[in-house]
Amino acid sequence: MSSNDFPWRKNDGDEPTDGDAYSWDRRFPWQKNDDVLGEGDEDGGSLESESPVAPPGDPVVSEPDGPMVSDPVDPVVSRRESSDNLPMPDEETESHDERGITADTPTSEPDVLPEQGTAAAIPPSVKKARSGCGGLVVIIGIVVIIFVAIGGFSGVGAIFERFSPGLSERDTAQITQSIDSLLEDVQRRDAEAVLAHYSDVIFESDALLTQEILDASQELAPLRSWSVEEVALRENSRRVGVATVHAQFGEVSTDIHFPIAEETRGGETAWRLQLTSSASMLRADDNFDITVFETFTLADDDARYVLFPGVYLIDYGVRHVTLVDGAMPREAGATMAAFPYEGEYGRYLSASPDGVDAYVDAVSTELSECIASRELTTPCFSLGDEELADVDATAFIDGTVHRELYDDPAVDPERVSYRPAEPMLLSGRTVPMLISEVGCVIDGAEDTCRVYQGVGIIAVDFSGEEPTVVWEHSSP
């Protein structure tokens, strides 16, 4: 057979003559009915009704009766594979074998076009794309959830707060009326009427809510006048606030502060005074024997005592501490304090003016004595092995020390503080620098050495009858 004598061409393999031309006898087995390859293809038949043609000499196998059931074929992938593996004429049989189709294997596998809309006709790449979109939606959802969990709650809360009604003029008028009614009963010294303004249940100790304590408070500093200066919301809140009242208690003019909150009781929502909050409480302390008006002792170390609005005389039994907020001039060693006071988390102790003065006096006295001493060892500063190493000396000569302060003043009252962990001490974070000139021995010869020393925390202990200075105190 010549190179031009292909089994699927007409003219019986002869060379073309004038006016003649080769024409295709039939389609390739992998072509569809719409792929016209030559004028000789006139039957218009479809691939679905045709079987692949085997080379001459091989028997032609007809379609078996009944449809063959096989896996759907992806036309896009099938066409691409066919195009990439287009066989040479003398390799046709081999190509058919590679695709799993031989002359002995009938083919009834339908070509499914994408237009038919079947699930099998969707290319895998399209399925992956759709699946990827779904995954992208899930990822976006997860990111949104994380955002809300980390920082979204504050934003959502701010939105709800923004649309909360907050305080209206009617609410302010109602709060002002409640305060006026309460303080009128306090001024009349009617403990029963004052208690009617409180909730039915007082969870803290009510031992000081008595007629005796109310009378003592009004005798110490009688309530003469008052005015509601401001009713305002607390920062970043629209449901909690404070009403500031300027009051005249005897000769003392001060502010008292009533916490307020929006509450719902019996299905009714309204703004109410919080008369049993920490602003109206006095906390017991097992470190001190606390008395009120020298008659009532706070016995329970874990209790918080609710007080009527007014001024109270509170004695902690020591001179070095006082209440942080609302404190007024001391009387007979005790602290006068007005309730309720400004503060959301309770009232705490701080160094009292008397305590600070006692601290400064004690430290200054001992420091002066130390500076005047010519000895190597003093309660304040001592010269020893560490200082010898600093100046490369082998010995200091006792009785030759001359000291002077580099910092002035050495004791700063503003830096004296009280620490609850050490209730009987006041600590001063003063760091006086001391310069000492002392006779010393260097390389076997006498010389004069200059030594610089500093003191860190100096504490004063008030547990005894007289304050005691604790030098080089290590505060916890």
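Miscellaneous remarks
- Taken together, the residues in segment 230-252 that are assigned to a strand (DSSP E or B) and under 16 Å from Q187 (Cβ atoms) amount to 6.
- If you go through segment 210-234 and keep only what is among the aliphatic types (A, V, I, L, M) and either surrounded by 21 or more Cβ atoms within 10 Å (Cβ to Cβ) or at pLDDT 95 or above (or both), you end up with I213, L214, A216, A221, L223, V228, V231.
- Here E375 clears all of (1) charged (D, E, K, R); (2) under 24 Å from R319 (Cα atoms); (3) in contact (Cβ under 8 Å) with a residue 24 or more places away in the chain except the condition numbered (2).
- Identity of the residue in segment 380-389, surrounded by 13 or more Cβ atoms within 10 Å (Cβ to Cβ) and not hydrophobic (A, V, I, L, M, F, W, C), that ends up farthest from A362 (Cα to Cα): E387
- Residues of segment 380-423 classified as among the hydrophobic types (A, V, I, L, M, F, W, C) and farther than 21 Å from V455 by Cα, total: 4
- Close pairs from segment 439-465: first in the same structural domain as D390 (by TED's automatic domain parsing) and more than 22 Å from V411 (Cβ to Cβ), partner assigned to a strand (DSSP E or B) and among the aliphatic types (A, V, I, L, M), Cβ under 6 Å, at least 6 apart: V441/A395; C449/V438
- When residues of segment 430-463 are limited to those that are within 21 Å of V318 (Cβ to Cβ) and at pLDDT below 90, the one surrounded by the fewest Cβ atoms within 10 Å (Cβ to Cβ): I457
- Of residues in segment 240-274 being exposed (fewer than 14 other Cβ atoms within 10 Å of the Cβ) and not small (G, A, S), the one nearest to S225 (Cα to Cα): E251
- Only one entry of S164, S199, S277, S237 meets the criterion of being at pLDDT below 90 and surrounded by 15 or more Cβ atoms within 10 Å (Cβ to Cβ), and that entry is S277.
- Residue satisfying condition, being touching a Ser or Thr at 6+ places or on another chain (Cβ under 7 Å), not polar (S, T, N, Q) and not assigned by TED's automatic domain parsing to the domain that holds V306, within set V401, V363, V391: V401
- Selected residue [more than 31 Å from the chain's Cα centre (by Cα) and touching a residue at least 12 places away in the same chain (Cβ under 8 Å)] from A243, A284: A284
The values are calculated or read from the model by the stated rules, or taken from the named source; none is laboratory data. Quick caveat, the model's predicted, so the values are computed rather than measured. Methodologically, a virtual Cβ is constructed for each residue, glycine included, from the backbone with ideal geometry; neighbour enumeration extends over all protein chains shown.
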